[in-house]
Amino acid sequence: MNPTLRVPREETSLRQRTTQTLRTAILDGVFAPGQKLSERELCESLDVSRSCLRESLQHLQAEGLITIVPHKGPEVTSISASEVRDIYAVRASLESLAGRGFAEHATPAQRAALRAKLTELQALDPQQDRAAVLTLKNQFYDILLEGCGNLVAGQMLKQLNNRVTVLRRISMAQPGRLPRTLREIGAIVDAIEARDADAAARLCEEHVRHAAESVMQSMHA
């Protein structure tokens, strides 16, 4: 085997851990959109080399989470109002397909798992467990995509997931948004359990539209 194709395992693992740590910090709101990042401070905090950090930043740039500004350095990517509209328009169409597909194709175990995840969400105190709400909501969508029977729709939604998670944090911070969210996804689960694919598709699209409206209100506040 050509020795140039060998991967240094320890370095790869360190880069992966660095990338995941930074990704989690951005998705959890530790770093805010538009915030400038100091490479020196990040290297000291993460205890990694500058080359390792830069490779991780490049990976996050490819995911759309980091923007590397020439002569200024990295910053957390800001999402413009027009990009928000575009992201949610695509998400609405894809989630509508996913909801319809899940109603038509999901197994009894997958339907039960979706209901159980909704029950977990309903049991949380949103004032104390906002991070847990976001985690469970991502898990809810993981179940939905796994059982929707549309591999392409699932893959495309997963590609959007990082930016959607950032926007979901903004949306969920709006007063009254979480109770409304629970009602909306509760209606989606009811339609799925009734095997009403048309209703599930419509309710998924409406839920995304309401989330988009919440984000836009926050951006213009």
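Listing for the model above:
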quantity: Mean Cβ neighbour count within 10 Å, used as a protection proxy, ranking 107-117, 208-218 highest first; calculated: 208-218, 107-117
quantity: Normalised alpha carbon radius of gyration of segment 3-76 [divisor 2.2 N^0.38 Å]; calculated: 1.12
quantity: Cα-projected label distance for Glu44 with Thr21, points at 7 Å along beta-carbon direction, nm; calculated: 1.5
quantity: Rel. contact order, % - alpha carbon contacts under 8 angstrom, at least six apart, the chain; calculated: 24
quantity: Options Ala32, Ser51, Thr19, ranked by Cα towards positive dipole end of segment 3-76, top entry (Cβ charges); calculated: Ser51
quantity: Expected-Rg normalisation [2.2 N^0.38 Å, Cα atoms] applied to segment 102-221; calculated: 1.03
quantity: Estimated 222 nm signal from helices in the chain, with DSSP H stretches of n ≥ 4 weighted -39500 (n - 2.57), rounded to 500; calculated: -24500 deg cm²/dmol
quantity: Label of the coordinate-derived value, semi-axes √(5λ) of the Cα gyration tensor in Å, listed as (i) 29, 22, 15; (ii) 34, 22, 16; (iii) 37, 17, 14; calculated: (ii)
quantity: FRET efficiency for Ser80 and Val152, using Cβ-Cβ distance with R0 set to 22 Å, rounded to 0.05; calculated: 0.25
quantity: Which of Gly176, Gln122, Ala199, positive extreme of dipole for segment 97-221 (C-beta unit charges); calculated: Gly176
quantity: Segment Gln159-His105, extension gain: residue separation times 0.36 nm, minus the distance between their alpha carbons; calculated: 17.2 nm
quantity: Gained length - Met216 relative to Ala194, 0.36 nm times residue gap less alpha-carbon distance; calculated: 4.6 nm
quantity: Part-to-part distance (alpha-carbon centres) for segment 40-83 and segment 130-193, which is given in Å; calculated: 26
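No value in this document is a laboratory result; all are computed from the given coordinates. If you're wondering where the values come from, they're calculated on a predicted model, not measured in any experiment. So basically every Cβ, Gly included, is an ideal-geometry build from the backbone, and we count neighbours across all protein chains shown.
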